[in-house]
Each structure stands twice: as structure tokens, then as C-alpha cells.
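Below is one structure, written out as C-alpha cells; comments come after it.
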Amino acid sequence: GIRRGPGNCTTHEQCESYCENVNNIEECLAFAERHNMLSKEELKEARQIAKALREGAELPGGCTNKQSCDAYCSDSAHIEECVAFAEKAGFMDEKELEEVRRILPLMKSGQMPGGCTSKEQCEAYCEDDAHIIECVAFAEKAGFMTPEEAEMVRKTGGKGPGGCRRDECDAYCENPENQEVCFAFAKEHGLISEEDLAHMREGAARIKEGLQHAGPEVVSCLKREVGPNIIDEIESGT
């Protein structure tokens, strides 16, 4: 006889249509698990939704499939309802929930960068350097950046010496070969004064000179207290 799937479906289209309806999730999930039809990630997500529904959670706005749920939740007016379901289903960890709680007031008042409505949209919009000022203002309002961090991004245009991004700049400037570029960048953008720059250079020179007259016990103490590479770093000027 004809092999029948969930809801007695017999074709791919019939089965897909039946299983798109979340009301049939238990039957379809059991069938999919039995026949290894879903990836680990898809199985995990389906189990989470099924569990939340069993425990009394209701899908936002009474949506019944991925398309209608995505459409309902793309409207910022429904964001709280959608976040509540995502929390019950375990789709968001505490850190993500905290981020959403910060964003909610801004989303509800229409202050999202470029009017973005999802994490993916917002990240794509804010990766464009043309939107840097708008996105920094949003990040500051949401508490993702301190006023000092926001001001630094405004001064630098979001890029550091050598075109580095925030996460890359520490490593870039720790390289002795980039020291002058980093100093020049800091000076140019008002991140360090000429006086502070002179003091730093003077201090480095004094340390280097002092090391030449230091006894072995001083060298040993420095290595022990500051780090085994400290002498090389002083000699190289880093």
C-alpha cells in the first residue's frame, strides 16, 4: 500500500502542509524522529516548541506556522508577546533576554537603526560605515556602550589604526611595529594629548636606561612580578 505520513499524507506537499501547522507538531515530530528527517538543530527547536505548548504556552498572536509567526513577530507592537514565548521555549539565554529588555523601549518607540526589526537586519545595517553615527547613538541609548566608548567611536569613525575594528585594535597596537602608527592615530583623534605622549616616551626611555644599570635581583624581581617577557619588551620599546 501507499506509505502514509502524519495526518495520512501521501505526498511531500501534503505532508509539508500538514506539518507546517504547529497544532500537529507532536505527531510530525514523532514521525520525523522515527525516520531521521530533521537535523539536530531542527529537532532541538521543534522539541522546545512542543514542550512549551504542552506546558500551556500560546504561540504569539495565534500564529500556526513559521511564516505566520515570523510575520507577526516582525511587527514591533508584538515584540513583548514574542519575547515571552521565546523565553518560555528556551530560545533565549539570560544574556540575550537582558539585551532584548534594553532594546524593547527603543523598539516600541521606533528608534531602531534604519528601522531594523531583527538582530540580523540590525547587524547588517550597522556593518555599513555610513550608518556608524546612528548605530552608535542607538548602542549608547540601549546601554551597550558607555558615553566614553561612544565618543571614541564618533571621533574615530568606528575604525582604529591600520583600519582595525574594536576587537582587533588591542592586538594590532601590541605589535611593536605598529607602535608609532597607534600613537599617531591617538594623537590625531584627540585620544591622547601631546603632553601625555611625551611623558610616555620619556618614561619608556627612563625604564630602558634604568634597566642597563639594574642588578640581577632587579631583573629577577621584574620577571617574577610583571612577567617573564618584561625585559624583552622593555628593550624593544613595547
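On the protein heavy atoms, probe 1.4 angstrom, tell me the percent of accessible surface of the chain carried by carbon and sulfur. Could you put the intermediate results ahead of the total?
Working: 8110 of 15890 Å².
The computed percentage sits at 51.
How much of the pair distance distribution for segment 111-154 lies past 17 Å, counting alpha-carbon pairs only, in percent? Spell out each step's value before the answer.
Working: 232 of 946 pairs.
When all Cα pairs of segment 111-154 are counted, 25 percent exceed 17 Å.
Hey, can you find the accessible area per residue of the chain for me, probe 1.4 Å, expressed in square angstrom?
On the way: 15890 Å² over 238 residues.
Value returned for the chain: 67 Å² of accessible area per residue.
Between segment 17-78 and segment 159-213, how far is it from one alpha carbon centroid to the other, in angstrom?
Measuring centre to centre over Cα atoms gives 54 Å.
Which of the pairs Lys40/Lys108; Lys88/Lys119; Lys44/Lys141; Lys66/Lys108 have their Cα atoms more than 30 Å apart in this structure?
Details: Lys40/Lys108 35 Å; Lys88/Lys119 19 Å; Lys44/Lys141 35 Å; Lys66/Lys108 23 Å.
Among Lys40/Lys108; Lys88/Lys119; Lys44/Lys141; Lys66/Lys108, the Cα-Cα distance tops 30 Å for Lys40/Lys108; Lys44/Lys141.
How high is the relative contact order of segment 1-98, in percent, with contacts defined as C-alpha pairs under 8 Å that are six or more residues apart? Can you show the working numbers first?
Working: 65 pairs, mean separation 20.7, N = 98.
Dividing the mean separation by the residue count of segment 1-98 yields 21 percent.
Considering the dipole of the chain built from charges on the beta carbon (Lys and Arg +1, Asp and Glu -1) around the Cα centre, which of Ser68, Ala32, Gly114 is farthest to its positive end?
Ala32
Place a point 7 Å from Cα of Leu106 in the direction of its Cβ. Which residues in segment 151-180 have their backbone N less than 14 Å from it?
Within reach of a label on Leu106, which here means backbone N under 14 Å from a point 7 Å along Cα→Cβ, segment 151-180 contributes 151.
Just to confirm my understanding: which cysteines in the chain have no other cysteine beta carbon less than 4.7 Å from their beta carbon?
Flagged as lacking a Cys partner: Cys221.
How high is the relative contact order of the chain, in percent, counting Cα pairs under 8 Å that sit 6 or more residues apart?
Values: 161 pairs, mean separation 20.7, N = 238.
Across the chain, relative contact order equals 9 percent.
Using 0.36 nm per residue, how much length does the chain from Glu177 to Asn65 gain when fully extended, once their Cα-Cα distance is taken away? Provide the component values of the computation, followed by the final result.
Details: separation 112, 0.36 × 112 = 40.32 nm, distance 5.61 nm.
That works out to 34.7 nm of additional length.
Dipole size in debye (nearest 20) for the chain around its Cα centre, Lys and Arg Cβ +1, Asp and Glu Cβ -1? Walk me through the intermediate numbers first.
Numbers: 27 positive and 48 negative charges, 164 e Å.
Dipole magnitude for the chain comes out near 780 debye.
The values are calculated or read from the model by the stated rules, or taken from the named source; none is laboratory data. Everything numeric here is computed off the predicted structure, so don't read it as measured data. So basically every Cβ, Gly included, is an ideal-geometry build from the backbone, and we count neighbours across all protein chains shown. For the accessible areas, the whole protein counts, side chains as well, though only heavy atoms, and no ligand, DNA or RNA atoms are used. Shrake-Rupley method; radii C 1.70, N 1.55, O 1.52, S 1.80 Å.
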